[in-house]
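One structure is given here, and the rest of the page talks about it.
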Amino acid sequence: MKGICGEQLNNCMLLGDCENSEHGTELPGAFTGEPVEMESGGGMGGGMGGGLALAARRIRSRQVHSMAVRSGSAYDTLERPYRHDKCRGRWAKSADFYFASCTHAFSSLIFSELSTFGILHGGWLLFIIAYLMGMLFYALPIFLIQAFLGQFSSSGSISAFRVAPIFKGIGYAILFLNLGTLTYYSIGAVVPLIYTVNSVHPVIPWMSCNNSWNTQVCSLHENYDVDDYRVDPHSTVEFFRSTIASTAKGSSSMSISWSMLLGVLSIWLVVLALLLKPVAFIGKVLRCSCVLMFAFFVAVFLYSLIHEQVTLDTLHYYWLPQLDSFDSVLATARTALLMAGGALGPGWGSIITLSSYNHFRRDAERLSVWVCLTHITIGLMGLLCCNVAHDHFEDHVGMMPLHVDEKHHMQFLYLCFSYLFGRFTTTPNLWAFLFFGMIFLSELCALIIQMMSVITALFDEFETLRSKRILVISSLVFCLTVSSVYFCTQLGFSQLTQLPNLAVFTQLLISGILVLMTTWVYGRVRFQCDLQFMLGKTISSFKIFFIRFATPIFLGLCLFQLTYLFTRDRIHDVLIYVSQGLILLTAMSYMVYKVCRTNGDWRQRLQQCLAPHDWHPMDADNRRFYEEIMGISEMLVIDANANTT
């Protein structure tokens, strides 16, 4: 830290040409050529004296451009100063952020039909290319931006928008979206919990027709006629219908699954107990859960390959493309993009929340790379498991969706994998328990992280709520528990099918706004300066330009592609339109409100709303060093290409 302060503008802020210099004003007095003492600390310290120091300062004065980044004052913006919550806590270990970010790599999305059918359309070759492009152009840059916003500001997904207050409406939109998805997100954890609990029975229930819910036509067939359009329902299908979807014969739209209801109540009680603990304890739980999930998955992965005798010929068959039209290419690219977005965590803005509990000097850039690499590794291993489970199911039970179609995006995961593990000759209960237990832990961690995003955003932004922490958390959990009961019914469960489309579309839209805000409105140089100061190392200008130009172009192409697919497939789900309308309405309303609350003419008001407000590190020492290097009212940047002769 002393080294950074002592190096001053040389090592920490050495950048290329300042593109925003045309907005500058006069140089501060300290850089007008007058002798000014500089704090010693190595490098360009106070050892320089007399004429040499004066000459150096005159040279430097020609290199420095004022960028007029004045922090908005409370008088200008009529906004109260931001007060940091000193009781919010931090991770117990620096690795907790990495483990918390990796818990979503084992989610049900990785093992869903979306990824599997995407590969069936385009083959592994095309899918891996699209997946890696999604990670490089989308997930990794947005992950870094979110980690920067959270770690630099030490605040949640609303207060982090102090970097450009006019965009704070996006933070409120993120809050509303998270609250909306939390009404049903517990269902994603309840379903694998039910399978995990039932796997400990001596006889696995979904591999038997002697249960109370089984019908007279229940079948345990291991072969079928592919030319026959009707196949008797297998016991795995009837278990899913009766216990999960509540679509058994004689049920109505409001029929409720009592197993689902009991699971919802149990999960929300666990979440409430954890949320009332300090964040350091929650970090330990997430870390241990991630380690367990990794161990479970590796064991299941290896045994599945051995049991199903996966060979190099099998991998070669999966690798070859099976394209039949251009639409297949688009479908594969959409699936790869959806999987790449999983690296950004559950819900929206979760990386901002998780990184806000990091120490200020944590290397967020390196962590971003490692998290994305972990997601890629687990994702590709999971896809191989999906191919194996899918082929095994269609070889013995029926083809999807010709013979088996429950009209729900969860059917692939819980039908194919439950049948695969039920057919294992050695300890099938154990492998089913490990796999579905892994899915349950991942979805439970996702639920906890989303709740952390909500309560962190509320407590950071609204100071009056901090003294009512227990009441606020308990009230939120109670309301979300009540709303989750609806999705335990047949009608509520059936309405979860379009959620992946909602997630990928809104993630792209919000990600594009984050890129616009940090690299264009706040400024490329300012963003690079802050990032270098936080990390304590030089960031290549190429990386910043890549995020600034390549990422928005890629996001625009992805939005165009998704719009085309929605139009082609006639997906007009009301939830998608409501969510996008909520984002735009909230953002625009807050922009109008923010501009109207400031003083001066319209140009001055807009400038004040775009300028950062109380944007600095929360730690006292880091804030002092930041102000010394940046200047209290202006940000100073060296032009490395300026003429020094």
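The values are calculated or read from the model by the stated rules, or taken from the named source; none is laboratory data. Everything quoted here is computed from the prediction, not taken from an experiment. Cβ atoms come from the backbone with ideal geometry, glycine included; neighbour counts cover every protein chain shown. When the accessible area is computed, the model is the full protein with side chains, heavy atoms only, and any ligands, DNA or RNA have been set aside. Shrake-Rupley method; radii C 1.70, N 1.55, O 1.52, S 1.80 Å.
Rounded to the nearest Å, what's the spacing between the alpha carbon centres of region 278-306 and region 245-275? Just the number, please.
Each part's Cα centre sits 25 Å from the other's.
Just reorder V482, V397 by solvent-accessible area, largest first, 1.4 Å probe, all chains present.
Result of the area sort, largest leading: V482, V397.
What is the packing order of peptides 334-345, 282-293, taking the mean over residues of other C-beta atoms within 10 Å and listing the highest first?
The densest-packed peptide leads the list: 334-345, 282-293.
What chymotrypsin sites (Phe, Trp or Tyr not before Pro) does region 229-329 have in DSSP loop regions with at most 14 other beta carbons within 10 Å?
Y229
Which sequence of M381, M254 reflects their accessible areas, 1.4 Å probe, from the largest down?
The ranking, largest first, comes out as M254, M381.
Given 0.36 nm per residue, what is the gain on full extension from V298 to Y486 after removing their alpha carbon distance, in nm?
Extra length from V298 to Y486 when fully extended: 64.1 nm.
I need the phi-derived Karplus couplings for region 129-142: 6.51 cos²θ - 1.76 cosθ + 1.60, θ = phi - 60°, integer Hz, Gly and Pro marked x.
Karplus-based 3J(HN,Hα) across region 129-142 equals 4, 5, 5, 5, 5, x, 5, 6, 8, 10, 5, 5, x, 5 Hz.
In whole Å, what three semi-axes, largest first, describe the equivalent ellipsoid of region 303-431 built from its Cα gyration tensor (square root of 5 times each eigenvalue)?
After scaling each eigenvalue by five and taking roots: 32, 20, 16 Å.
Tell me which lysines have Cα within less than 27 Å of K249's Cα, excluding those fewer than 8 residues away on the same chain?
Straight-distance partners of K249: K407.
Taking each pair of different alpha-carbon atoms in region 425-583 once, compute 1/r for the pair, average those values, and report the inverse of that mean as the Kirkwood hydrodynamic radius in Å to one decimal.
Hydrodynamic radius (Kirkwood, Cα only) of region 425-583 equals 20.1 Å.
As a quick test, which of the pairs K468/K594; K93/K277; K168/K468; K86/K594; K86/K284; K168/K537 have an alpha carbon distance above 19 angstrom in this structure?
Exceeds cut-off: K468/K594; K168/K468; K86/K594; K86/K284; K168/K537.
Rounded, prolate or oblate: which fits region 261-355, taking a ≥ b ≥ c as square roots of the Cα gyration tensor eigenvalues, rounded meaning a/c under 1.5, else prolate when a/b beats b/c?
Judged from the Cα gyration tensor, region 261-355 comes out prolate (a/c at least 1.5, a/b above b/c).
In the P(r) worked out for region 311-387, what percent of Cα pairs fall beyond 14 Å?
More than 14 Å apart: 74 percent of the Cα pairs in region 311-387.
Please state the charge dipole magnitude for region 518-569, taken about the Cα centre, from unit charges on C-beta atoms (+1 on K and R, -1 on D and E), reported in debye and rounded to the nearest 20.
For this selection, approximately 180 debye.
Heavy atoms only, probe 1.4 angstrom, no DNA, RNA or ligands counted: give me K277, K86 ranked by accessible area, highest first.
K86, K277
At q = 0.15 Å⁻¹, what log₁₀ I(q)/I(0) does region 348-413 have when each alpha carbon counts as one equal point scatterer in the Debye sum?
-0.69
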